[in-house]
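Reviewing the structure listed below.
Each reported figure results from applying straightforward, stated rules to the coordinates on display, with no laboratory input. These numbers come from a predicted model, not from an experiment. Here the Cβ positions follow ideal geometry from the backbone for every residue, glycine too, while neighbour counts run over all protein chains shown.
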Amino acid sequence: MQNEYDLIIVGAGLAGNCLALALKDSGLNIAIVEAASRKQLRESPLGDRALALAAGTVQLLQALGAWDGVIDKATAIKHIHISDRGHFGKTRLAAQEQGVEALGYVIAARDIEEHVADLVEKISVTRLYETRVVGLMSGNDAVNVSLKHQGESLNLSAQLLVGADGGQSTVRKLLEIPQQVTEYGQTALVTTVQSALPHRNTAYERFTEQGPLAMLPSAGKHLSVVWTRGHEQAEALMNSGEAEFLAELQACFGYRLGALKLAAPRRAFPLSLIRADRMVSGRAVIIGNAVHQLHPVAGQGFNLGIRDVAQLAEMLIEQCQNHGDLWGMEFLNRYAKQRQQDHDQTIGFTNGVVHIFSNDWLPVAALRNTGLTILDHLPFAKQLLTKHAMGLAGRLPKIGAG
């Protein structure tokens, strides 16, 4: 096996594999390093989570040739219903009003992850599963990477290293990039329910004093649930019986879809906003969840990460065409600067929604409900909100499969 590469990608999840796919015709010599085995990735419980793919993300997946193979496993979001429990305010968004087929899609993470991984198996990249990064050293001309592969030591070098290894990023830790952590004091309860009435491709975002409840349409009459509660309430709900859990969920959501039944196990995830202090260090850059982990309230986490991937791929391809250095600090700093605005806007919006809609102080509640009601009657404002929900408020990077 060779030891020198143009690019080493650490992490064979969606971010890392999508980056490799975007660069398949770039001429770059690429290696992907992944700590888990392909079987472990396939069987991970995280594969059960529902991903809300914004329309802009779907466009990027189409450009990669990674959408047609999974569209039959995805459920279109044609309507979004936003309401505030116990108050009058509501806003409704519709794909038809925007002249599009769907505002986004819901898909099981495992389905898209497996499909993209299968596509990467067919392109010319070196794949090293069950391989851990144990050391990094960035020099003037290369980054040197120390690995453990099935008990044996390996040393690779590259012009550029990309850390796409998730929220517990080994690359970020080895680069000693600090994180800023904001605890929300909330836990997300995740499950799937079946409703008595059809969901009609409607995604529901219902705000409560304890936190938001998202109900995302899935196959048949199923909906993926992301229910945010305070830590104590979440623990009590996790420990409760099925009937008690459903009674609480029904009281929170209402009966607009009839009676709900549990269709999957319940899981709980503490919530916080985590953001790395920087994206670049020497000849390394971190992307996706290695840089940012968001509250799920607006479903923007993966969508923001895929835009990290697309922007980096677009700039790397341009750099290759111009025969530029893949590291040059000017290049990496330009990438970081271009991503900064999207990060600031998306994280700021998500964080603001959490604080405004998890507050039941009467003046705040009255203001937000008035805002929701006015928004529902202002076509321009509603169109702007819809563009943000679809991930189309800004420029999408240009990437392609060939």
Under 5 Å from the placed amide H of Ile32, counting only residues 5+ away or on other chains, we find Ile9, Thr126, Arg127, Leu128
Amide H partners (placed H, <5 Å) of Tyr5, local residues excluded: Ser157, Ala158, Gln159
Translational diffusion coefficient of region 239-352 at 25 °C, 0.890 mPa s, Stokes-Einstein with Kirkwood Rh over Cα pairs, in µm²/s as a whole number. 142 µm²/s
What's the ranking of 189-202, 207-220 by average number of surrounding C-beta atoms within 10 Å, highest first? 207-220, 189-202
Quick one: of Lys78/Lys173; Lys24/Lys337; Lys73/Lys261; Lys24/Lys148; Lys173/Lys221; Lys24/Lys221, which pairs are farther than 32 Å apart, Cα to Cα? Lys78/Lys173; Lys173/Lys221; Lys24/Lys221
Under a Cβ-Cβ cut-off of 9 Å, what is the net charge of the residues other than Gln194 that fall near it, where Lys and Arg count +1 and Asp and Glu count -1? +2
Could you run the Karplus curve 6.51 cos²θ - 1.76 cosθ + 1.60 with θ = phi - 60° over region 164-170 and give me ³J(HN,Hα) per residue in whole Hz, x for Gly and Pro? 10, 9, x, x, 9, 3, 5
Relative intensity, log₁₀ I(q)/I(0), of region 184-271 from a Debye sum that treats every alpha carbon as a point, q = 0.16, 0.20 Å⁻¹: -0.56, -0.88
Apply the Karplus curve 6.51 cos²θ - 1.76 cosθ + 1.60, θ = phi - 60°, to the phi angles in region 219-232 and return the couplings in whole Hz, x for Gly and Pro. 4, x, 9, 8, 9, 7, 10, 10, 10, 8, 9, x, 3, 5
Phi-derived 3J(HN,Hα) across region 264-275 with the Karplus relation (6.51, -1.76, 1.60, θ = phi - 60°), rounded Hz, x for Gly and Pro, is 7, x, 8, 10, 10, 9, x, 10, 7, 9, 10, 9
